[in-house]
Each structure stands twice: as C-alpha cells, then as structure tokens.
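Note sheet for the following structure.
The values are calculated or read from the model by the stated rules, or taken from the named source; none is laboratory data. Just so you know, these numbers come straight off a predicted model, no measurement behind them. Every residue, glycine among them, receives a Cβ derived from its backbone with ideal geometry; neighbour counts consider all protein chains shown. Heavy atoms of the whole protein, side chains included, go into the accessibility calculation; ligands, DNA and RNA do not. Shrake-Rupley method; radii C 1.70, N 1.55, O 1.52, S 1.80 Å.
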Amino acid sequence: MAQTALRICPLCEATCGLTLTISDGRVTAARGDRDDVFSRGFICPKGASFAELDNDPDRLVRPLVRRDGELTETSWEEAFQAVADRLGAVVAEHGGPSVGVYLGNPNAHTVAGALYPPVLVRALGTRQVYSASTLDQMPKHVALGHMFGSPVAFTVPDLDRTDYLVIIGANPLVSNGSLATAPDFPGKLRALRRRGGRIVVIDPARTRTAELADRHLAPRPGTDAALLLAVVHTLFDEGLVDLGALADSVNGVDEMRALAADFAPEAVTAYCGVAADDIRELAREIAAAPSAAVYGRIGTSTVEFGTLGSWLVDVVNVLTGNLDRPGGAMFPLSAVAPAPRPPKAGRGFRTGRWHSRVSGHPEVLSEIPATALAEEIDTPGDGQIKALITIAGNPVLSAPDGDRLDRALGRLDFMLSIDPYLNETTRHADVILPPPPPSQSAHFDFALNNLAVRNNVRYSPPALPRADRPDEAEILCRIALVLYGVGPQGDPALIDQQVIAQTLAKETADPHSPVAGRPVDELTALLAEGSGYERRLDMMLRLGPYGDAFGARPDGLTLARLQAAPHGIDLGPLQPRLAQVLRTPTGRIELAPEALVADVPRLRKTLGDRADGFVLIGRRHLRSNNSWMHNLPALAGGTNRCTLRIHPDDAADLGLTDTDTAVVKGPGGELLAPIELAPGMRRGVVSLPHGWGHDRAGTGQTVASQRPGVNVNQLNDGNDLDPLSGTAVLNGIPVDIAPAG
Ligand SMILES: Nc1nc2c(c(=O)[nH]1)N[C@H]1C(S)=C(S)[C@@H](COP(=O)(O)OP(=O)(O)OC[C@H]3O[C@@H](n4cnc5c(=O)[nH]c(N)nc54)[C@H](O)[C@@H]3O)O[C@H]1N2
Ligand SMILES: Nc1nc2c(c(=O)[nH]1)N[C@H]1C(S)=C(S)[C@@H](COP(=O)(O)OP(=O)(O)OC[C@H]3O[C@@H](n4cnc5c(=O)[nH]c(N)nc54)[C@H](O)[C@@H]3O)O[C@H]1N2
Ligand code: SF4
Ligand SMILES: [Mo]
C-alpha cells in the first residue's frame, strides 16, 4: 500500500511543501502539497523529480576512505576513525588554523548546514573560511550591514501587495526566486499584473521573467550600479524624493543627492546602454506608484560593482518611501529570530578585521573570498592551508579557475568532504562522509524563513526511517567531537547540549529576553524530547518572536505545536518593523555609509569605458541546480543544455550558425561550446550556464558525465572581485568568440 508523507523541498529557496508518495520503503513520486500554508500546491520540475534525486543510484550510501590512493567504501566507524587520525595529525602538526572550510550552497537548505558549521569553525579556531556567499549574495550582506547595522537585515519585495515591481538582475521564472523566498514566484508575478500592478525587468537578456513584464530594459552587463545611481539622480533632480514614514529615520540624504549629481541619466546612457528617457521614466514610475519595490539579485550582485548595486537597490526603496511599508521592500520576521528587543544602537558593521594571507583580501563576515581558496592552498608559507573540509560544495566547478583549485586540492595533506556525491571537488577527498537522502532527513528553513515574502513556519520530520547510517547533524557533531578532543565515539548530543547551555545562559541574563532571570536548568528541563537539533529548534522557537517563552506565553509556538500542524503555520503578511531591525550606531538608516560612498569614484572612473568586444553573462535553467542536479535523467535534456547563447546578428557577423561550435576565450582560459541563436540576447552579450564540465576522471555521476558540458568558470581567472565584499565577478566577463576549427 502506498502511503504519503509531507516534506519541504530542499532544492531551492522557494521552499515548496511536497506530498511524497511512499511505497516499499522508498519515495516513488512527489506532488505539490495543496494544504501547505505557504506554497499552496506549487511545485516545479525539480521538486517533481524528488523521487529520482532521492533514489539516485549514484548517491553514496557508505563512506569512502582513501587507501593506497584509491577511494574505498568502508564502515562508518572506520571512516570517523580515519578523520580522527588524519585530520588529527594535521591539527597536531600545523594547528587548527591550518584547516580550511568551504561551505556550499545546500547548507542554506539543511538543518545540519544551519546549525553545525559554526561549531566546526570555532573548534578549529581557523580563519580559513570560504563559502558560496562570495560567489553569490555577499554584496547584499555588506550593503545591509552598512545601511541597517546588520548584515542579515534582509529586505524582500512584498510581492503579494506591491503595485510596482522592479526586478533587476534576477530571473525568478527560472530560478524560482532568491533572497526572496516565495513559492510560485511566477504565479505571484501574474497575480501582481492581474490586480493592475506593473513589472519592470532590467536584464541584458530577454528572459522568461522579462517576457512576462510590462517593460524590459536591457543594460550592458555590469552597469546596474550606474543605472540605479541615475535613477537616484532623477529622483532628486525632479523633486520625487519622498521618504514618507521614514522621514525621521534616515541619515545621509544630502550626501546621496551630492553623490548622484554626476550620474544624470544622460551621463550614463552610453555606458549602461539604456536610453536616458527610459531611466527617467523608470524613476518617475517608481515614485508615482502607490507602492513599489526594487528587487535585485545575481546579475546585480556578482559583478564589478556588486555592493554598490545591492546598496542602491535599497537606496531607491528608501528615497521613494517604500522601505518597510506594505507593498514595498520589507523585513520578514522569522520564527527562529530572537524575540524583538527594544531599539538599541549597535556597534556598526565592519569588514577587514583580518586579511587573507596571500592576496590580503579583507575578511567579510569572517570569510575570505572563494576565489582565494586555491592560492591559500598552493602558496607555501606560514598559515598555508594544509587540510580542507568541504560541506555541500563543489567549488571546482562553481568558482573561477577550477583547474587551479583542482590541482591545489590534490596537494592537501588531508581533505574531508561531507557530500552525497563523488564529484569534481570531492574526488580529491581522503574521506567522504555522505549524508542520507532528503527523505531520511528532517527539514526546517533556519535561513530562508528570514527571507520569506510572508511570515510562516513549517517543519518536516524525516519522511522515511533512516537506514543504518548517521544523519548529517550527527556526522558534523562527530567531527566536532574529534576536533574538541573527545573522539569520534563521543555522544553527539554533547555538542547540542553545549550550545543550548550557552544560549540559555545568555538569554536568561538579558533583561529584555522573554526568559530573563529564569533558571537555566528549569528551561532546559522543559525542552522537547528528541534529537539534539530538535531540542535546539524547540529552544529557538520558544525564545523567538512567536514563541511560548517557555510557558510565559501559553499560546505561543513550541516544536510540539509546530509538529501538530504538518502543513505549517501561517504567521501573516510582513509587518513594518524597522525600529526592531536597525542596529546602526546612530539608530537611523545610513543612506550614504562612508565605506560605500568611498567606492563610487571607482564607478565614476569607468563611465567612459566602452569595450567593443563581447561580454559573457550567466544563465540558469529551470531543470538544473548549480552543479549538482545534472545526474537525473528526468531533468537532463531538452533546453537544459550547456550552449552559448548569442544574438543571431552577432552570430552572423562571426559567420556562426546554430549548428556550429564556437571557441570562447576569456581571461582564464578557453573552451568550446555549441551555439544557440537567441534573439533575446542583447547585442554584444553572450551567455553560458555554470555548473557544467562533468568530464573529469574519477567522479561518480554516470548520467552527468554522459552530457558533461563545459565549465564556464574556467574562462574566468578569478582576479576580478567586487572589492567591498570579495565576491567574484561572474557576470560581464570580456570574451573573444570565433568559429571552432
Ligand atoms: N559562472 C557562474 N558561477 C556561479 C554562479 C553563477 O551564476 N555563474 N552562481 C554561484 C552561486 S549563486 C552559487 S550558490 C554557487 C554554488 O556553489 P557550490 O555550493 O560550491 O556548488 P553546488 O553546485 O551548489 O554544489 C553543491 C554540493 O552539495 C552537495 N549536496 C547536495 N545536497 C546536499 C546535502 O544535503 N548535504 C551535503 N552535505 N551536501 C549536499 C552536492 O552533491 C554538491 O557537491 O555557484 C556559484 N557559481
Ligand atoms: N533552476 C535553477 N534555479 C536556481 C538555481 C539554479 O542553478 N537553477 N540556483 C539557485 C541559486 S544558488 C541562486 S543564488 C538563485 C539565483 O537566482 P537569480 O538571481 O534569479 O538567477 P539567475 O537566473 O542567474 O538570474 C540572474 C539574471 O541576471 C542577468 N544578468 C547578468 N548580468 C547582469 C547585469 O549586469 N545586470 C543585470 N541587470 N542583469 C544581469 C542574467 O541575464 C540573469 O537573467 O537561483 C537559485 N535557483
Ligand atoms: S520551486 Fe524550488 S522549492 Fe519549489 S519545488 Fe521547485 S525546486 Fe523545490
Ligand atoms: Mo546561489
């Protein structure tokens, strides 16, 4: 008999509720859960292939340990012992700070990834910390940190209520949204238009999102910051600035006016490749709309001026009075955020508290740029990385110049990967510890609830009993126990007990905490029975803004209440809450923070630059997910292909047709890619998707290796960074294109 189980989809930021069909102890199908309070039945092709992903025969079931050069299946006990011996040896000889940690994207989608990497980093005492953030959203963190005093004070577009949405550098019809957690983003955009709202898309490519919009502006890649400054200029120039309810909460308005003075639409039009009138029109419409939200993503972030662009998105939201109001850009309130405290001045946001050893990159959020990982491994000297732990990452394909990293990984004394696949990165590991498939893991969106366009909370317990293997939380705890010197056989619950004890000690000592002054023992005894992470989740919910405060608010949230609501609990539309969020030293929004203003001259200098050659941008496919879902037959094929999209007239100028292959040369290397004629590309701009290049030896992804594609990031030498955030420039790369052969 088939049964069903509910499970939140972990495959992208939309967090759709799935109904899994289960027969004979395995998942056989997935459909959207119509009763899910947040996603209401929406599902995309990736979610629909959950069963295939879960049952992929190439998923590792047992750990692999390198013996005599070969990765060999072994028992869990032996694998943990190998970690203790070999990682222990590196730590004993070179110290914990010689161990690097790379955290990949799926950490944002797993319970383990949310709760345990900080424990590992602390146990190592290492500053060699890298993540996909510096290939992605780090510019947004830096902008938020300087403007609001907190790098996680995320603003998201109030999709359900806005009258006017500007989408810059994002393609949510394909990506399903990012830094704006919204199941059925496509449906929400259509609803927006149905209720009379308007959508403008700013993207060098005429994407599916652009096709749905009322207006599409196609700038030259990398020029969003200048374009947005021209919008700011116009707002001042035409008297359209209206802070509304924010009037008493904003510093720096005059500085902003002065800063934008040089950026009249007429001054940036040639550089941006957008008509000055279109920029003025855009500014007028944002200002005139009853409510409006500007929303920027990858195309605004992973570029030369990524932090400036991310900042200016919210500058426009502030100047038009749209920040923190319904229909504008708002701050979600997650159920696991700390309960709101009275407004208080913060210490301000800083980067560069230390610098990377080889190139001197400033740390940002305690991280070093992902592009610097290879040089920190292959450059000898004091502080060199001797061992590496990767958790849910594939930087050989996802970061620039993977060939160098590939070589560097081969020179490590020890490498440990926590990953379900043997892939381009993990093939270098000495030990691979595979987490169980998603059906056997619990799910809670620790990170993404802070980005939801409607407040909600949902929890999925494991849908299937776990086979005889540790879950990812236990894997990470046992590594932590090794690092703390307890040894791999220690009780993994110790790690959670320690975190719980520390958190409760801090909370009870805080006079503004909902549990101020209560005995830690009493609170600890009230926590739910269950695994360590469930106890921590219960604690966080109960201390949170909707929580029961350990009984003080009897109707409030606990894990038990959440478990009694398997389709989730709706917590209502986003509410204005700026005062709770602000942590700047002045207690006001800093519209023109010094660190960001200081980068504007660099932008001003480039306004005259107009390269003649082609520039490369990225693109995503609906049935793909970065580098790791090319192994599922249901998703492979069709339009999900690694082709070079080029405007037909550009192709004709080069003598290329759609049956040809092109040689593409970039600063970091060259590759061959099949041509795909795409009238929607801006002239002079070509695109290739990332995450391909599955043709390296020694990997274990059968389907992916049959259609390997090419690694676009090999065109990139990784030398171009957004200096404020250390984020790699992944869009707007100069390339030469010629017919192959
Ligand atoms: N040119 C170009 N490059 C890009 C981008 C771009 O737009 N253009 N985008 C960048 C962005 S936004 C990102 S986020 C990065 C992603 O960069 P990475 O995070 O480094 O790469 P992914 O391809 O997401 O690899 C995820 C890894 O996690 C593993 N995994 C999957 N599920 C689990 C799990 O439950 N637990 C564990 N432990 N492992 C799991 C997979 O097998 C895979 O090895 O790529 C970046 N690279
Ligand atoms: N199907 C699918 N979904 C995914 C992923 C995936 O790989 N596949 N990856 C997930 C991840 S990790 C992330 S971070 C999100 C990303 O989510 P999005 O940011 O929505 O993803 P993209 O599709 O890369 O959209 C970026 C857009 O920016 C445009 N662009 C490039 N350069 C510029 C520029 O200089 N200026 C402007 N204005 N636009 C530019 C590109 O043409 C592209 O349409 O998607 C997530 N969802
Ligand atoms: S949109 Fe994202 S969360 Fe929803 S089903 Fe698709 S992959 Fe899963
Ligand atoms: Mo990402």
Report, largest value first, the span of the C-alpha coordinates of the stretch 1-99 along each principal axis, in whole Å. 56, 32, 20
Quick numbers on the chain, Rg and Dmax over C-alpha atoms in Å, give 25.0, 77
Report Rg(Cα)/(2.2 N^0.38 Å) for the stretch 611-739, keeping two decimals. 1.06
Arranged from highest to lowest average of other beta-carbon atoms within 10 Å per residue, in what order do the peptides 318-329, 221-232, 59-70 appear? 221-232, 318-329, 59-70
For the chain, what does -39500 (n - 2.57) per DSSP helix run (n ≥ 4), summed and divided by total residues, give at 222 nm, in deg cm²/dmol to the nearest 500? -8500 deg cm²/dmol
Relative contact order, percent, of the stretch 298-385 when contacts are C-alpha pairs under 8 Å separated by at least 6 residues? 11
Between the stretch 543-578 and the stretch 217-273, how far is it from one alpha carbon centroid to the other, in angstrom? 40
Heavy-atom accessible area order for F42, F331, largest first, 1.4 Å probe: F42, F331
The stretch 611-739, dipole about Cα centre (Lys/Arg Cβ +1, Asp/Glu Cβ -1), debye to the nearest 20: 580
Once Lys and Arg are counted +1 and Asp and Glu -1 for all other residues with Cβ under 11 Å from that of R561, the total becomes -2
Could you give the Stokes-Einstein D for the stretch 415-523 in µm² per second, using the C-alpha Kirkwood radius, 25 °C, 0.890 mPa s? 144
Rounded to whole angstrom, the alpha-carbon centroid of the stretch 701-720 lies from that of the stretch 506-537 at a distance of 47
Relative to the Cα centre, what is the charge dipole magnitude of the chain, using +1 at the beta carbon of each Lys and Arg, -1 at the beta carbon of each Asp and Glu, and rounding to the nearest 20 debye? 1200
State the answer as a single residue: which of L64, P488, N713 lies farthest towards the positive end of the charge dipole of the chain, with beta carbon charges of +1 for Lys and Arg and -1 for Asp and Glu, about the Cα centre. P488
Mean separation of Cα contacts under 8 Å, 6 or more apart, over the residue count of the stretch 333-433: relative contact order %: 19
Whole-Hz ³J(HN,Hα) for each residue in the stretch 417-425, computed from phi via Karplus 6.51 cos²θ - 1.76 cosθ + 1.60 with θ = phi - 60°, x for glycine and proline: what do you get? 10, 9, 6, x, 10, 8, 10, 4, 8
Cα-centred dipole magnitude for the stretch 181-274, charges only on beta-carbon of K, R (+1) and D, E (-1), debye, nearest 20: 820
Coordinate range along principal axes, alpha carbons of the stretch 504-562, Å, largest first: 28, 22, 14
Report the percentage of all Cα-Cα pairs in the stretch 282-356 whose separation exceeds 14 Å, rounded to a whole percent. 73
Over the chain, with every protein chain in place, what whole percent of the accessible area is carbon and sulfur at 1.4 Å, could you tell me? 50
Below 8 Å between Cα atoms, with a sequence gap of 6+, how large is the relative contact order for the stretch 95-134 in percent? 62
